[in-house]
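**Student:** Let me give you the structure first, and then I'll get to my questions.
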Amino acid sequence: MRFQTGLILFLAMAALCCADEPLAGRWSGKVQIPGREVLLIVDLAHEANWTGSATLPGLNVKGAPLTGVAVQSPEVAFAIKAMSGPNIESPRVTARLADGKLTGEFLQSGNSARFVLEKIGPPQVEQQPRSSTIAKEFEGEWKGEYEVLGYPRKVTLKLQSHGTEAATADLVIVGRKVNNVPVDRVTQQGDFITIDSAAFGMTYEGRIKNDEIQGQLLQGPIETAVVLRRPK
Amino acid sequence: MFRGDPAHTGVYAGPAPRQFHRVKWRFATGNRIVSSPVISGKALYFGGDDGNVYAVDSETGRQIWKTKTRGPVPATPAVVNGTLYVGSYDGNFYALNADTGALKWKFATGGERRFEAKGLHGMQPKNQTIADSFDIFLSSPVVVDGAVYFGSGDGNVYALDANTGELRWKFKTGDVVHASPAFADGVVFVGSWDSYFYAIDAKNGKEKWRFHGGEDALIHNQVGFQSSPAVVDGVVYTGCRDAQLYALEAESGKEKWKIDNQLSWVITSPAVVGGKVYFATSDSALYHVADAVTGKWLVKEDGRAYMFSSPSVVNDTVFIGVLNGTLAARDAASGKLLWEFQTDASKENKGWVLTVERRFNVPMLFFDNWHEGPIVAQDRQLSVGSIFSSPLVANGAVYFGSTDGFVYAID
């Protein structure tokens, strides 16, 4: 009897929780882009904060994180961290919940289109890979060089360890101009380190050996060897 | 003929509209138009990707005749002494009666093909040979002194008797020749996708010199002469996919200067007049004017989208097509935009191919590296009525084709 009471209480609280967060869930519908319907799937969840991810099948976007999620129920706004490029910002979404449907506007590259999303289940927010801690041997400044189609590039990588917190990195590539490459993620697995930049579509991956990192810089079709050494 | 004369100066007689007034007419074909119109008398001639060669009344836009080939015709005809000369993707080169469209003769080349390479432009699979969908033009002929000269996907530059179609000579290069040869002082000038630019003796087909452009063993993106040269005052001006605009001595092939466009193809054929070189780039979408003697930049303007169309200069105005479906008229001196014409397809902007600023909306175009990715992307790009065609200016009107399937007359 006591168990039953507890169960009923738990279910009631769960129901109350969901009733409080009607925006939470997996939402699916079509964005009415002229001449092309694009399927948009949005997962919105509320724990300590609102989080979410989005999938646009056919546009090569799967589980992209939502950024700047702002909820003032029944309204929600966010950006989808994907589909950006030179002079093109990530798509922004503004929507309002009414009659169980999420209706709003999808903005990309200055174009806007209406959509209606329906809730098709609980949220399945995709977890994004995060930076790891790094060992002391990786810490500090590294320098290297490479060449793309005859154009020389100089690389400076500064890796910062934050103890038990995730590491951070500054990556600067100097060619004809100075490129401060925004780093999304630093991950170390054994003697292997990976630096990712979504904005530049760039990854550096390398293995530390004899106080140098022997690796490859990957960017689009470019795969070039880059050895990073301590500055003299 | 293509670019107005055998030397390909890209200069046309005025007047030309400094302001946009109206679409005088537009002529519908069955497929996209990449070819540039040429005029002879009152008739306008051009090729269509529907396989037809067309003659249209330049005043009314009414069809005079059409003649079917067995492949797309993204080449610009030459009309000389009542005969029209043009090549087709069916691998044949045609001579037609300019008044009636009747076949006078045709010549079978070794067959057409597009430039291709393994892992082209970084597409996957890396070890698979992939044809280049941006190799979009066929070589346009130049006709001089009873001979017709053109390049072919079979790698040859051909010289045929203009009256009979008999082969005078052929010159073998190492890859596709889709650039259009220019002619000056008894020499045929043309570049090949083998990364070399050639000067060939027009009499006997012997090589006078060759110039080596850039190479790109990694992804074959920065290689090949797709641009057609202009020859003015003993200097050959040509763009290259290695992102350079070259000025070469016509006599020796020695490099006088080059302009580095930082990995952005120079597909346009430069126009040269009054000591200035007019050209544009693809990815960086820049419209340029440079000093013809020194190569110093005089003007650099944002063109908003890729430009494959070649600039046409008429007095103080320059016209150029843009792949976002607009025709731009610019002031020759300042490079400033005077007016733009936008195709209906560009205004519709299906699938958000363009941003609101009419730049290419890359995330909505190129989103995979599969070998068919760029072909699909190009199909989307061309849906906005892209203007590959180089504008012809005659009788106060501007004529050009669009991938929306229309040829336009604007005055």
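**Student:** In whole angstrom, note down how far apart the Cα centers of the stretch A:80-135 and the stretch B:362-394 are.
**Tutor:** 27
**Student:** Counting other beta carbons within 10 Å of each residue's own, what order do B:VAL143, B:VAL148 fall into, fewest first?
**Tutor:** So the ranking, lowest neighbour count to highest, is B:VAL143, B:VAL148.
**Student:** Using a cut-off of 18 Å between alpha-carbon atoms, which aspartates and glutamates can reach A:LYS209, once sequence neighbours fewer than 8 places away in the same chain are excluded?
**Tutor:** Of all the aspartates and glutamates, those that pass the test against A:LYS209 - Cα under 18 Å, at least 8 places apart if same chain - are A:GLU137, A:GLU139, A:GLU141, A:GLU145, A:ASP191.
**Student:** Here is a further query. Restricting to DSSP H runs of at least four residues, report the calculated mean residue ellipticity at 222 nm for the protein assembly as shown, -39500 (n - 2.57) per run over all residues, nearest 500 deg cm²/dmol.
**Tutor:** Working: 3 runs with 33 residues, N = 643.
Taking each H run of at least 4 residues, the total per residue is -1500 deg cm²/dmol.
**Student:** Within the set of other residues whose C-beta is less than 10 Å from the C-beta of B:VAL293, count the net charge using Lys and Arg as +1 and Asp and Glu as -1.
**Tutor:** That sum, taken over residues with Cβ under 10 Å, equals +1.
**Student:** So which GluC sites (Glu not before Pro) in the stretch B:342-410 pass both tests, a DSSP loop state and at most 15 other Cβ atoms within 10 Å of the Cβ? Don't skip to the end; give the middle numbers.
**Tutor:** On the way: sites: B:GLU348, B:GLU357, B:GLU372; in loops: B:GLU357, B:GLU372.
Sparse-neighbourhood loop GluC sites (Glu not before Pro): B:GLU357, B:GLU372.
**Student:** Take every residue in peptide B:346-358, count the Cβ atoms of other chains within 10 Å of its Cβ, and give the average of those counts.
**Tutor:** 4
**Student:** Using only Cα atoms, tell me the angle between helix A:2-20 and the longest principal axis of chain A; keep it within 0 to 90° and round to the nearest 10.
**Tutor:** Between the helix axis and the principal axis of chain A, the angle is about 70 degrees.
**Student:** Arranged from highest to lowest average of other beta-carbon atoms within 10 Å per residue, in what order do the peptides A:72-80, B:402-410, B:114-122 appear? Walk me through the numbers before you get to the answer.
**Tutor:** Numbers: A:72-80: 17.0, B:402-410: 23.9, B:114-122: 18.9.
Going from most to least packed, we get B:402-410, B:114-122, A:72-80.
**Student:** Looking at this model, which pairs from A:LYS154/B:LYS126; A:LYS62/B:LYS118; B:LYS208/B:LYS296; A:LYS154/B:LYS336; B:LYS126/B:LYS172 are more than 31 angstrom apart at the alpha-carbon?
**Tutor:** Exceeds cut-off: A:LYS154/B:LYS336.
**Student:** Which FRET efficiency, nearest 0.05, do B:SER252 and B:LYS172 yield, Cβ-Cβ r, R0 25 Å?
**Tutor:** 0.65
**Student:** Among B:MET307, B:MET123, B:MET364, what is the fewest-to-most ranking by other Cβ atoms within 10 Å?
**Tutor:** So the ranking, lowest neighbour count to highest, is B:MET123, B:MET364, B:MET307.
**Student:** With unit charges on the beta carbon (Lys/Arg positive, Asp/Glu negative), name the residue among A:LEU117, A:VAL71, A:LEU56 whose Cα is farthest towards the positive pole of the charge dipole of the stretch A:23-121.
**Tutor:** A:LEU56
**Student:** Averaged over A:32-38, how many beta carbons belonging to a partner chain fall within 10 Å of each residue's beta carbon?
**Tutor:** Numbers: counts 0, 5, 6, 8, 6, 1, 3.
That average works out to 4.
**Student:** Give me the distance between the Cα centres of the stretch B:130-166 and the stretch B:43-81, rounded to whole Å.
**Tutor:** First find each Cα centre; the distance between them is then 17 Å.
**Student:** If you don't mind, there's one more thing I want to ask. Sort B:337-343, B:157-163 by packing, meaning the average of other beta carbons within 10 Å per residue, with the highest value first.
**Tutor:** On the way: B:337-343: 17.7, B:157-163: 21.4.
Averaged packing, sorted descending, gives the order B:157-163, B:337-343.
**Student:** Count, for each residue of B:51-59, the Cβ atoms from other chains sitting within 10 Å of its Cβ, then give me the mean as a whole number.
**Tutor:** 0
**Student:** Now, a different point. Throw me the Rg/Rh for the stretch A:23-121, computed over C-alpha atoms with Kirkwood Rh, two decimals. Present the calculation step by step, with values, prior to reporting the outcome.
**Tutor:** Numbers: Rg = 12.5 Å, Rh = 13.4 Å.
Here the Rg-to-Rh quotient is 0.93.
Every read-out reported here was derived from the displayed coordinates using simple, explicitly stated rules and does not represent laboratory data. What you are looking at is a predicted structure, and each value in this text was computed from that prediction instead of being measured. All Cβ positions, even for glycine, are placed from backbone atoms using ideal geometry, and neighbour counts span all protein chains on display.
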